[in-house]
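The values are calculated or read from the model by the stated rules, or taken from the named source; none is laboratory data. Every value quoted in this text rests on a predicted model; they were computed, and no experiment measured them. Glycine also receives a Cβ, built like all others from the backbone with ideal geometry; neighbour counts cover every protein chain displayed.
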Amino acid sequence: MRRARRAYLHLVFAVLLASILVASAVDTRASDPPSKPKVRAITAFVRLDRANYQSQIQDALKFLRTAKAAIEKSGYEVEGIRITTQPFPEYTRGLSDDQALSFFRDYDALAVKEGFDAAIGPAMLKDSDVPHAAELLGKIITHSKILEGSVSIAGEDGIHWNSIHAAAGVIKYLEANTPHSQGNFNFTAAAWVPSGTPFYPASYYTGEGKQFAIALQSANVVGEVLASTKSPAEAEERLKNVLGAHAARIEKTAAAISEGSDWKYGGIDLSPAPLKDVSIGHAVENFLDAPVGSSGTLSTAALITRALKAIPVKQAGYSGLMLPILEDAVLAQRWSEGRLSIDALLAYSAVCGTGLDTIPMPGDVSQKQLEATLGDVASLSVKWHKPLSARLQPVVGKKAGDMTEFDDPFLVNAKIQPLP
């Protein structure tokens, strides 16, 4: 009897101990701090003077490194620093193509050496600009490791049909002349994208220089918020408040940086950029309990973008939901499964962010087909007066059903789908 009592007491003690351990584990998980966004980039905008560009770049780098240290001290990791110029034809005027290519080889080498990303702006900002500059941009990107650029295909003056034709030509050139056709990762056709946008490759600047802006990488924060409720109204309010609190702290640091320097603060692009496994696709699926591309995806995209637009900070660039297929593991998977399409992404773009971003395409896509797709993006942008862009990635030798074979650390491979 006494042994049975002791065995019973041991059993009770074991159960109580297990309960305490489980409770402790739950409490530990409950007390885990919420995720923070990263700063994807601090972008400095410089009005480049070809004769003095090296000293300008060194001045910008000194500022960027100081800014990076200040933001990291405030508790936010900074992934990279960037320098953006005015449209490059403005500072290569008077140079032959060979001289311009030589200049940009030197500039690219400087960017590699100093560890910054570099955007050289649009080859064509207006539809009346010389198309030859777009041809030159294709060659510049082909011969560089870092440099990125764009062609503007729409703006306040409407759709730029000449520029659309030129941009499609750049896409085909980069497809044929860069390893794995990866050069198109550094090129975009930009529609209504404003000066001072910190996200690449559409970034450019038309001001006097010495301005900076911040781009966020916050898909993780969006994912946690959308996993916490199934109420659209509550999710929108929580996202505005949670991401808004981070944005306000980052902006406070940015304002202090600006006050202590001769660099003007230009705002934050709140677009919740993903990075492979840090997936905005996963965030959307947290809320839907269904794959991206299912019914409800469009309303979730609109919900996220409304929340971003309501955050009371100085906003720059797109500040809307990004759905970059090849930069997001979940989006790449859903694209490979056929759950996402160009038409679906255009529909989502009517209520969210960047348009058609990193879209894998078969290598036999014609220039005419590319122009039609770019025309759709430009038309949507002009209709809604909103920034959109098209980063299309046809792959030479690949056809529908094949997998891409990119070896860029920022890209995910996906199955190429038939053209619509």
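A few remarks follow.
- Residue ID - farthest from LEU174 (Cα to Cα), chosen from residues in the stretch 128-145 that are surrounded by fewer than 19 Cβ atoms within 10 Å (Cβ to Cβ), touching a residue at least 12 places away in the same chain (Cβ under 8 Å) and not hydroxyl-bearing (Ser, Thr, Tyr): VAL130
- Tally of residues being touching a residue at least 60 places away in the same chain (Cβ under 8 Å), assigned to a loop (DSSP other than H, G, I, E, B) and either surrounded by fewer than 21 Cβ atoms within 10 Å (Cβ to Cβ) or among the basic types (Lys, Arg) (or both) across the stretch 399-418: 6
- The one condition in (1) over 25 Å from VAL46 (Cβ atoms); (2) of a type outside the set (Val, Ile, Thr); (3) in a helix (DSSP H, G or I); (4) in contact with a strand residue (DSSP E or B) (Cβ under 8 Å, 6 or more places away or on another chain) that TYR173 fails to fulfil: (4)
- Only listed residue being of a type in the set (Lys, Arg) and modelled with pLDDT under 95, chosen from ARG2, ARG65: ARG2
- Taking the criterion of being farther than 17 Å from VAL193 by Cα and surrounded by fewer than 20 Cβ atoms within 10 Å (Cβ to Cβ), the residues of the stretch 115-127 that qualify are GLY115, ASP117.
- Residue list for the stretch 230-249, restricted to those being free of Cβ contacts under 8 Å to residues at least 60 places away in the same chain and surrounded by 16 or more Cβ atoms within 10 Å (Cβ to Cβ): ARG238
- Hey, ALA109 within 26 Å of the chain's Cα centre (by Cα) and closer than 28 Å to PRO409 by Cβ or not: yes
- Of all residues in the stretch 78-114 being without any contact (Cβ under 8 Å) to a residue 60 or more places away in the chain and in contact with a strand residue (DSSP E or B) (Cβ under 6 Å, 6 or more places away or on another chain), the one that is surrounded by the most Cβ atoms within 10 Å (Cβ to Cβ): ILE83
- Some residue of the stretch 355-364 being under 22 Å from PRO272 (Cβ atoms), part of a loop (DSSP other than H, G, I, E, B) and modelled with pLDDT under 95: no
- One residue stands out among those in the stretch 149-179 that are among the hydroxyl-bearing types (Ser, Thr, Tyr) and under 22 Å from LEU380 (Cα atoms): the one that is surrounded by the fewest Cβ atoms within 10 Å (Cβ to Cβ), which is SER152.
- Considering the stretch 365-398, and only residues there that are of a type in the set (A, V, I, L, M) and either part of a loop (DSSP other than H, G, I, E, B) or touching a Gly at 6+ places or on another chain (Cβ under 8 Å) (or both), the residue that is nearest to GLY149 (Cα to Cα) turns out to be ALA390.
- Scanning the stretch 311-333 for residues that are assigned to a loop (DSSP other than H, G, I, E, B) and out of contact with any Leu (no Cβ under 9 Å at 6 or more places or on another chain) yields PRO312, LYS314, MET322.
- Taking the listed residues LEU331, LEU321, the one that is within 18 Å of SER381 (Cβ to Cβ), of a type in the set (A, V, I, L, M), buried (at least 24 other Cβ atoms within 10 Å of the Cβ) and touching a helix residue (DSSP H, G or I) at 6+ places or on another chain (Cβ under 6 Å) is LEU321, with no other qualifying.
- Search result, residues across the stretch 336-354 that are part of a helix (DSSP H, G or I) and in contact (Cβ under 8 Å) with a residue 24 or more places away in the chain: SER336, ILE342, ASP343, ALA344, LEU346, ALA347, TYR348, SER349
- Among the residues of the stretch 334-365, the ones that are touching a helix residue (DSSP H, G or I) at 6+ places or on another chain (Cβ under 9 Å), under 18 Å from LYS398 (Cβ atoms) and of a type outside the set (A, V, I, L, M, F, W, C) come to 4 in all.
- Number of residues in the stretch 265-293 that are surrounded by 15 or more Cβ atoms within 10 Å (Cβ to Cβ), more than 15 Å from LYS38 (Cβ to Cβ) and not hydrophobic (A, V, I, L, M, F, W, C) equals 9.
- If you go through the stretch 43-75 and keep only what is among the acidic types (Asp, Glu) and surrounded by 15 or more Cβ atoms within 10 Å (Cβ to Cβ), you end up with just ASP59.
- Test: residue in the stretch 47-54 that is more than 26 Å from the chain's Cα centre (by Cα) and within 22 Å of ALA202 (Cβ to Cβ): yes
- Pair list, Cβ < 7 Å and 6+ apart or interchain, from the stretch 158-186 residues that are at negative phi and among the acidic types (Asp, Glu) to residues that are surrounded by 20 or more Cβ atoms within 10 Å (Cβ to Cβ) and outside any strand (DSSP E or B): GLU175/SER181; GLU175/ASN184
- Residue in the stretch 97-109 that is of a type in the set (A, V, I, L, M) and within 27 Å of ALA215 (Cα to Cα) present: yes
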